[in-house]
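For reference, the structure discussed in these notes is given below.
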Amino acid sequence: MSDRDFGGNDDLSLPKATVQKIITEILATNDSESSITFARDARDLLIDCCVEFITLISSEANEIAEREAKKTIATEHIDKALKELGFPEYVREVLASAGEMKESLKTREKKTSKMDQSGLTQEELLQQQQELFASATSKFNQGP
């Protein structure tokens with residue numbers, strides 16, 4: 001670990017409910033017959049460790065990006081940071097998660113809007129909108 005200053009991270013955290021859910025899932029998978037619980041202070045310590053780990057990797061990835069004269073931290077910077085900091089065993093899973101996220105974003109982008117789904121041209125949609133406005137105005141002016 002380098003001598004970076006991580007002291008300003010007091011306001012950083014992870015959602016406690018999400019971390020608790022992950023802990024519960026892991027405990028259930030690893031020891032389904034036992035009724036092991038995770039103490040609140042242990043969960044909070046785990047959250048602090050996670051934040052520290054993320055900060056460490058992020059800082060290293062930022063330094064790598066800066067050395068390469070990049071203004072955006074990319075997946076390959078995270079890959080290099082994990083390797084340089086001695087966590088090569090995490091690279092495969094991190095890259096797999098990044099790939100899944102990329103695919104998820106592509107799928108979201110491909111979803112068509114209601115306008116595209118209507119099959120009408122912009123002119124036809126505009127005409128329908130104007131007709132609806134005229135109808136609403138007429139109904140409003142007629143009163144109750």
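The values are calculated or read from the model by the stated rules, or taken from the named source; none is laboratory data. Everything numeric in this text was worked out from a predicted model, so none of it was measured. Virtual Cβ from ideal backbone geometry, glycine too; neighbours counted across all protein chains shown. Just so you know, the surface numbers come from the protein's heavy atoms only, side chains and all, with ligands and any DNA or RNA stripped out. Shrake-Rupley method; radii C 1.70, N 1.55, O 1.52, S 1.80 Å.
Residues in the range 21-40 that are of a type in the set (A, V, I, L, M) and outside any helix (DSSP H, G or I): how many?
So the first thing to find is which residues in the range 21-40 are of a type in the set (A, V, I, L, M), and the list is 22-23, 26-28, 36, 39.
Still in the list and also outside any helix (DSSP H, G or I): 36, 39.
Here the count works out to 2.
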Q) Out of all the residues in the range 58-71, is one or more touching a residue at least 40 places away in the same chain (Cβ under 8 Å) and of a type in the set (A, V, I, L, M, F, W, C)? A) no
Q | Where THR18 falls short, out of the listed (1) of a type in the set (Ser, Thr, Tyr); (2) assigned to a loop (DSSP other than H, G, I, E, B); (3) within 22 Å of the chain's Cα centre (by Cα) | A | (2)
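Conditions tested, residue by residue: (1) modelled with pLDDT under 90; (2) under 18 Å from the mean Cα position of the chain (by Cα).
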{"site": "THR72", "(1), (2)": "no, yes"}
{"site": "THR75", "(1), (2)": "no, yes"}
{"site": "GLU89", "(1), (2)": "no, no"}
{"site": "ARG92", "(1), (2)": "no, no"}
{"site": "LEU95", "(1), (2)": "no, yes"}
{"site": "LEU105", "(1), (2)": "yes, yes"}
{"site": "LEU126", "(1), (2)": "yes, no"}
{"site": "LYS139", "(1), (2)": "yes, no"}
Q. Can you find a residue in the range 111-126 that is within 28 Å of GLU52 (Cα to Cα) and of a type in the set (Lys, Arg)?
A. no
(Q) Report every pair of residues separated by at least 6 positions or lying on different chains whose Cβ atoms are under 6 Å apart, first residue within the range 82-107 and in contact (Cβ under 8 Å) with a residue 12 or more places away in the chain, second open to solvent by 50 Å² or more (accessible area, probe 1.4 Å). (A) LEU82/TYR90; ALA98/THR75
**Q.** Filtered residues of the range 1-28 (kept if of a type in the set (Lys, Arg) and either at pLDDT 85 or above or open to solvent by 90 Å² or more (accessible area, probe 1.4 Å) (or both))
**A.** LYS16, LYS21
